[in-house]
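Structure, as structure tokens:
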Amino acid sequence: MDETMKLAHELADGPTVALSLIRRFVLGKPRQTRSRISSILEQQMQRRAGAAEDFKEGVAAFLEKRPAKFKGK
């Protein structure tokens with residue numbers, strides 16, 4: 001149970017916007033992974049993730065060599 005809670009906290013403290021988009025993409029992805037629809041959906045989600053405050057925080061934390069403080073926005 002401790003490992004489960006540790007993972008849950010790591011996910012909750014992570015980039016929740018990106019994780020949510022990944023989950024939505026994987027669960028809603030068409031069977032044909034190389035289809036045009038799949039490609040368009042992936043582009044839309046990448047744009048949304050890149051516009052999120054968490055993305056900017058992640059890049060800043062990486063460049064400043066510090067842990068990121070994600071807010072889920």
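Here are a few things to note about the model shown:
- Positions within segment 58-73 being open to solvent by less than 100 Å² (accessible area, probe 1.4 Å), under 14 Å from Leu19 (Cβ atoms) and either without any contact (Cβ under 8 Å) to a residue 40 or more places away in the chain or under 13 Å from the mean Cα position of the chain (by Cα) (or both), in sequence order: Gly58, Phe70, Gly72
- Candidate set from segment 20-34 (those that are among the β-branched types (Val, Ile, Thr) and at pLDDT 60 or above); member that is farthest from Ala8 (Cα to Cα): Val26
- Pair list, Cβ < 9 Å and 6+ apart or interchain, from segment 9-28 residues that are farther than 19 Å from Gly50 by Cα and without any contact (Cβ under 8 Å) to a residue 40 or more places away in the chain to residues that are open to solvent by 40 Å² or more (accessible area, probe 1.4 Å) and part of a helix (DSSP H, G or I): Gly28/Leu41
The values are calculated or read from the model by the stated rules, or taken from the named source; none is laboratory data. Fair warning: this is a prediction, and the values are worked out from it, not measured in the lab. All Cβ positions, glycine included, derive from the backbone under ideal geometry; neighbour counts span all protein chains shown. Heavy atoms of the whole protein, side chains included, go into the accessibility calculation; ligands, DNA and RNA do not. Shrake-Rupley method; radii C 1.70, N 1.55, O 1.52, S 1.80 Å.
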